[in-house]
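Since the structure comes first, as structure tokens, the remarks are kept for the end.
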Amino acid sequence: MLIRFRLANHRSVRDEHELSLIATEFDEGSARKTGLKHRGRDVSVQPVVGVFGANASGKSNLLSGFQLMRDAVRDSFADWAKIPEAVPRQPFKLDPASRRETTLFEIDLVMGRDPVRYTYGFELSDERVEAEWLHAYPHGRRNVWFDREAGRPEAEGGEFVFRGEGFRGERDALVRLTRPNALFLSVGATLNDPQLSAVHGWFLSHLWPVSPGRDIETRLRWTRWRLAHPSQEGDHRQRIAELLQAADLGITRLDTDPETGEVRLWHRTPDGGETPLDFHAEESMGTHAWFAFLGPMLTALDQGSVLLVDELDSSLHPALVAEVVRVFQDPASNPHGAQLIFTTHDATLLGSEVLDRPLNRDQVWITAKRGSGETEIYPLTEVKPRKEENLERGYLRGRYGGVPRVTAGKIVRGLSGRETKATA
């Protein structure tokens with residue numbers, strides 16, 4: 001379960017920013033208990049967070065920060081030695097000084113049947129891993145598994161500090177095998193250290209980035225795979241069929257073509273019968289988008305994973321987007337505590353408390369672009385909206401920031417002016 005994510009000097013996110021899923025006093029009953037306590041009180045986190053903002057404000061860059069962190073954990077040991085650049089990072093480009101500054105990634109998560117909080121992070125330069133750390137908090141007390149700093153050149157992978165008996169692995173052997181441009185966590189997991197493998201495995205199995213509007217073939221294969229492989233929740237075929245029917249796409253059932261092995265979606269006919277349509281040639285892009293999204297969504301729900309979705313509203317009707325949010329909000333449909341973090345322009349998700357809006361005040365974050373080109377990330381709760389407030393109206397009117405400053409008719413007048421000049 002994800003608690004928070006910190007990021008700095010990645011694409012348009014120059015300054016350090018934190019995305020926190022911890023419930024605040026604005027929580028309206030949707031938060032889930034983590035099993036942790038802070039100062040005697042239960043710590044709860046939100047199952048859903050929606051990130052709103054104007055075009056090019058940095059929404060996608062925030063999610064790509066998760067992606068780059070996951071890729072680094074997965075690839076740094078085996079793959080970074082093969083690439084021309086020592087460390088594949090993407091610092092803020094609009095100020096040359098940012099190239100000389102490190103890129104920061106840090107994540108707080110909860111794992112285990114007896115829940116334990118872990119904080120894992122690292123800082124990257126163009127040449128190497130400048131710092132890396134992993135701390136555990138059994139019984140609420142910090143236990144430093146390791147702290148790493150780049151240190152002197154002769155220190156190879158860096159200078160390591162292990163405090164106490166929290167990390168019980170082969171410390172010296174793992175340090176010797178850690179290159180300057182490889183993460184210690186990746187090295188330990190590759191060499192099957194059980195403690196480091198558990199944290200490493202969370203990134204690979206419980207952090208899923210997807211985009212409904214892009215790379216649809218990958219997600220179609222994912223959904224087809226779920227159809228063919230039952231999980232602990234049972235056969236996915238019936239669940240996917242029910243979700244397709246609930247989307248009001250005219251679909252009655254699904255099966256597999258006995259000759260080609262291709263998925264077939266059957267549709268109602270005017271005479272009360274049904275007929276299949278060719279999935280690639282005859283089904284709509286909206287049907288493709290919804291079908292492709294079901295595989296990642298069901299995987300996250302079954303595994304209790306974090307699903308990161310860029311542009312959730314791309315190719316999906318607002319009513320479907322709202323239902324996806326409600327699926328993650330409802331403990332009955334989300335019994336394993338999966339979480340959804342998504343970017344969107346769909347202000348109808350905010351709506352009014354009276355109209356049963358899908359997102360609560362505590363689940364809305366805003367990205368805004370500063371004049372210098374940097375992204376600012378902040379929660380809606382910073383402006384302290386009232387419970388009964390119509391968040392959609394307030395957002396669209398610019399009360400909370402994160403909307404483009406477009407003068408009415410300016411684009412039309414600009415195009416008309418160019419047309420007049422060209423004619424003249």
Q: Look through LEU298, LEU220, LEU243, LEU254 and report the one residue that is of a type outside the set (Gly, Ala, Ser), modelled with pLDDT of 90 or more and either in the same structural domain as PHE328 (by TED's automatic domain parsing) or more than 20 Å from GLY337 (Cα to Cα) (or both).
A: LEU298
Q) Does LEU21 satisfy the condition of being touching a residue at least 60 places away in the same chain (Cβ under 8 Å), of a type in the set (A, V, I, L, M, F, W, C) and in contact with a helix residue (DSSP H, G or I) (Cβ under 7 Å, 6 or more places away or on another chain)? A) no
**Q.** Test set (1) more than 30 Å from LYS37 (Cβ to Cβ); (2) buried (at least 17 other Cβ atoms within 10 Å of the Cβ); (3) touching a Lys or Arg at 6+ places or on another chain (Cβ under 7 Å) - LEU104 fails condition number
**A.** (1)
(Q) For the range 302-341, give me the residue count where each residue is modelled with pLDDT of 95 or more and among the basic types (Lys, Arg). (A) 0
Q: Go through PHE5, PHE52, PHE26 for me and flag whichever is in contact (Cβ under 8 Å) with a residue 24 or more places away in the chain, under 24 Å from ARG100 (Cα atoms) and among the aromatic types (Phe, Trp, Tyr).
A: PHE5
Q) Within the range 60-74, can one find any residue that is small (Gly, Ala, Ser), modelled with pLDDT of 95 or more and touching a His at 6+ places or on another chain (Cβ under 7 Å)? A) yes
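This table checks each residue for (1) part of a strand (DSSP E or B); (2) in the same structural domain as VAL324 (by TED's automatic domain parsing); (3) at pLDDT 95 or above.
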residue	(1), (2), (3)
THR348	no, yes, no
ILE366	yes, no, yes
ILE377	yes, no, yes
GLY401	no, no, no
ARG418	no, no, no
Q.
Looking at the range 310-344 only, could you name the residues that are of a type outside the set (Val, Ile, Thr), touching a helix residue (DSSP H, G or I) at 6+ places or on another chain (Cβ under 6 Å) and assigned to a strand (DSSP E or B)?
A. LEU340
Q: Out of VAL175, VAL110, VAL161, report the one residue that is surrounded by fewer than 16 Cβ atoms within 10 Å (Cβ to Cβ), touching a strand residue (DSSP E or B) at 6+ places or on another chain (Cβ under 6 Å) and of a type outside the set (Lys, Arg).
A: VAL161
Q: Identify, from the list ARG99, ARG4, the residue that is in a helix (DSSP H, G or I), out of contact with any Leu (no Cβ under 6 Å at 6 or more places or on another chain) and basic (Lys, Arg).
A: ARG99
Q) Could you say whether any residue in the range 64-75 is surrounded by 14 or more Cβ atoms within 10 Å (Cβ to Cβ), touching a residue at least 12 places away in the same chain (Cβ under 8 Å) and more than 25 Å from ALA198 (Cβ to Cβ)? A) yes
**Q.** Any pair with Cβ under 7 angstrom, 6 or more apart, that starts in the range 259-273 at a residue that is in the same structural domain as ARG221 (by TED's automatic domain parsing) and ends at one that is modelled with pLDDT under 85 and among the basic types (Lys, Arg)
**A.** VAL263/ARG224
Q: Specify the residue that is surrounded by the most Cβ atoms within 10 Å (Cβ to Cβ); the eligible residues are those in the range 314-341 that are free of Cβ contacts under 8 Å to residues at least 40 places away in the same chain and of a type in the set (D, E, K, R).
A: ARG326
Q: Kindly list the number of the only condition in (1) in contact with a strand residue (DSSP E or B) (Cβ under 8 Å, 6 or more places away or on another chain); (2) in contact (Cβ under 8 Å) with a residue 24 or more places away in the chain that fails for ARG357.
A: (1)
**Q.** One residue from PHE52, PHE26 being surrounded by fewer than 22 Cβ atoms within 10 Å (Cβ to Cβ), more than 29 Å from ALA131 (Cβ to Cβ) and of a type in the set (A, V, I, L, M, F, W, C)
**A.** PHE26
(Q) Looking only at the range 369-394, how many residues end up being out of contact with any Pro (no Cβ under 9 Å at 6 or more places or on another chain), surrounded by 15 or more Cβ atoms within 10 Å (Cβ to Cβ) and under 24 Å from VAL45 (Cα atoms)? (A) 10
(Q) Tally up the residues in the range 106-139 that are of a type in the set (Phe, Trp, Tyr) and on the phi > 0 side of the Ramachandran plot, please. (A) 0
Q: Answer yes or no as to whether GLU123 is in contact with a helix residue (DSSP H, G or I) (Cβ under 9 Å, 6 or more places away or on another chain), without any contact (Cβ under 8 Å) to a residue 60 or more places away in the chain and closer than 30 Å to GLY304 by Cα.
A: no
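The values are calculated or read from the model by the stated rules, or taken from the named source; none is laboratory data. This one's a predicted model, so the numbers in the text were calculated from it and none came from an experiment. Note that we place each Cβ from the backbone using ideal geometry, even for glycine, and neighbour counts take in every protein chain shown.
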